[in-house]
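Everything below concerns the one structure shown next.
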Amino acid sequence: MILVVGGAGFIGSHVVKELVEKHQVVVLDNLSTGHRDAVDGRAVFVEGDLGNIDDLVMVFRSYPIRAVMHFAANSLVGESVVDPLKYYQNNVASTLTLLRVMNRFKVRNFIFSSTAATYGIPDADLIDETTPTRPINPYGHSKLMVEQILSDFSKAYGLQYVVLRYFNAAGAHDSALIGESHDPETHLIPIVLQQLLGKREKISVFGADYNTEDGTCIRDYIHVTDLANAHILALEALMIGKKKAEVYNLGNGLGYSVKQVIETCEKVTDLKANVEITDRRPGDPARLVASSQKILNELGWRAERNLEKIISDAWKWHCEQRY
Ligand code: UDP
């Protein structure tokens, strides 16, 4: 059985939906930001907290866990700056509790959600896994600390792991049954779609004076289903012993500016957005685009869904948002 911690969240719930096709799955989630309705009915659901060792021991005692996928984390850069304690507690200390219990129950396979924020403000135009990691906020630091812990645990205790560094996860499941639902919402694509649906008055573009072609920031948007598929490949590579300790970027190698994203949303929905240009958001690098060549070469994964597909699936979800 595969344990998915944080399986009720945006990315976790999409991974669970793919995972249940091939594996038995148990989801542990405290529903602090996740949604019970997002969890596929074929998975066992346990409401509990990663930081609570009793909850973890109960799950490991009750189910024959062979591998763990860990999505349960706080992930807002701005919040991490004003409340670093929350980030080091939930993202680092609780993960350590999980790893302690895995060790005790001799569960050796681990997939960890990491982030482009581990790179900080990189010099490289195309970021690969050899680009130096220099986080600029507690969120990025918290994820990189866990990456270091995993590397040390693999050498000392034989833990096998794959770290996946996501760029800008977006989109929704093709069925529109699950999708992105954060409160408050801070991400660009849902904000644009909410404005187009009349749920917000306007969209603020955070800075149009960056050193990019149209002056707005460039990001690498990746469909959540493509992300989910990468997790399945990484898990299978661990379980057959093909991989023992790896880090992969997950992006599509294509950058889109904030203006291009808004234009694509307008095109897909055939609606006109109400946009204002405001000051820059602190801590935003001008350009973050991934090279995912390594995972293509080693596991045969590539992003298959383009920006229009990301936005059209997100639009279907937002039109009938279920939770
Ligand atoms: N952004 C924006 N207005 C918003 C939300 C985001 O201009 O209301 C910009 C943000 O500055 C960044 C890009 O959109 O350049 C993507 O931001 P998001 O928060 O979606 O993801 P991040 O790159 O911060 O992980």
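The values are calculated or read from the model by the stated rules, or taken from the named source; none is laboratory data. Quantities reported herein were computed from a predicted structural model and do not represent experimental measurements. For neighbour counting, all protein chains shown are included, and Cβ atoms are generated from backbone atoms with ideal geometry for every residue, glycine included. The area values use the complete protein model at the heavy-atom level, side chains included, leaving out ligands, DNA and RNA. Shrake-Rupley method; radii C 1.70, N 1.55, O 1.52, S 1.80 Å.
In the elastic network of the chain, a GNM with C-alpha springs shorter than 10 Å, the most mobile of VAL57, VAL39, VAL25 is VAL57.
The DSSP beta bridges internal to the range 198-323 are antiparallel in roughly 25% of cases. Each part reduced to its alpha carbon centroid, the range 252-273 and the range 201-241 end up 14 Å apart. Of the whole protein surface, THR278 contributes about 40 Å² of accessible area at a 1.4 Å probe radius. For the range 195-258, the relative contact order works out to 38 percent when only alpha carbon pairs closer than 8 Å and six or more residues apart are counted. Defining a contact as two alpha carbons under 8 Å apart and six or more residues distant in sequence, what relative contact order in percent does the chain show? Averaging sequence separation for qualifying contacts and normalising by length gives 19 percent for the chain. DSSP bridge analysis restricted to the chain gives an antiparallel fraction near 5%, rounded to the nearest 5.
Across the range 186-202, rounded Karplus estimates of 3J(HN,Hα) from the backbone phi angles (6.51 cos²θ - 1.76 cosθ + 1.60, θ = phi - 60°) give 10, 7, 4, 4, x, 5, 4, 5, 4, 5, 5, 7, x, 8, 9, 6, 8 Hz, Gly and Pro being marked x. Helix-only arithmetic for the chain: the sum of -39500 (n - 2.57) across DSSP H runs with n ≥ 4, divided by the residue total, places the mean residue ellipticity at 222 nm at -11000 deg cm²/dmol. Rounded to the nearest 20, the size of the Cβ-charge dipole of the range 257-323 about its Cα centre is 160 debye, with Lys and Arg at +1 and Asp and Glu at -1. In the chain, the longest principal axis of the Cα atoms and the axis of helix 307-319 are about 80 degrees apart. To the nearest ten degrees, helix 53-62 and the longest principal axis of the Cα atoms of the chain are 70 degrees apart. I need the shape label for the range 1-56. Rule: rounded when a/c is under 1.5, else prolate if a/b > b/c, else oblate, with a, b, c from the alpha carbon gyration tensor. Oblate, because a/c is 1.5 or more while a/b does not exceed b/c. The share of alpha-carbon pairs in the range 76-177 lying farther apart than 15 Å comes to 66%.
Would you be so kind as to identify which of PRO122, ILE232, SER175 lies farthest towards the positive end of the dipole of the chain, taking Lys and Arg as +1 and Asp and Glu as -1 on Cβ and the Cα centre as origin? About the Cα centre, the residue reaching furthest to the positive side is ILE232. In the chain, carbon and sulfur make up what percent of the accessible area (probe 1.4 Å)? Answer for the chain is 48 percent, counting heavy atoms of protein chains only.
Counting Lys +1, Arg +1, Asp -1, Glu -1, what net charge surrounds VAL20 among other residues with beta carbon under 13 Å of its beta carbon? Summing Lys and Arg as +1 and Asp and Glu as -1 gives 0.
Comparing Cα centroids, the range 41-116 and the range 123-176 end up 15 angstrom apart. Taken about its Cα centre, the chain carries a charge dipole of about 1020 debye when Lys and Arg each add +1 at the Cβ and Asp and Glu each add -1 at the Cβ.
For the residue pairs LYS17/LYS309; LYS143/LYS202; LYS143/LYS244; LYS143/LYS294; LYS22/LYS86, alpha carbon separations beyond 25 Å are given by LYS143/LYS202; LYS22/LYS86. Coordinate range of the alpha-carbon atoms in the range 152-214 per principal axis, descending: 54, 39, 21 Å.
For LYS244, LYS309, the ranking by accessible surface with the largest value first comes to LYS244, LYS309, using a 1.4 Å probe. Taken per residue, the accessible surface of the chain reaches 43 Å², heavy atoms only and a 1.4 Å probe. For the chain, the alpha carbon convex hull comes to 121 Å³ per residue, rounded to a whole number.
Using the eigenvalues of the Cα gyration tensor, what equivalent ellipsoid semi-axes result for the range 27-128 when each is taken as the square root of five times the eigenvalue, whole Å, largest first?
27, 16, 15
Net charge near ASN74: determine it from the other residues with C-beta under 9 Å of the C-beta of ASN74, scoring Lys and Arg +1 and Asp and Glu -1. Value of the local net charge: -1.
For the chain, the longest principal axis of the alpha carbon atoms and the long axis of helix 94-104 meet at an angle near 30°.
Each other residue within a Cβ distance under 11 Å of VAL268 adds +1 if Lys or Arg and -1 if Asp or Glu, for a net charge of -2. Convex hull volume per residue, computed on the Cα atoms of the range 133-177, equals 122 Å³. With N the number of residues in the range 207-323, Rg(Cα) / (2.2 N^0.38 Å) evaluates to 1.27. Along the axis of the charge dipole computed for the chain (Cβ charges of +1 for Lys and Arg, -1 for Asp and Glu, origin at the Cα centre), the listed residues ILE2, CYS319, LEU254 are led at the positive end by ILE2. Averaging the sequence gap over all C-alpha pairs within less than 8 Å and six or more residues apart, then dividing by the number of residues, gives the range 1-145 a relative contact order of 23 percent.
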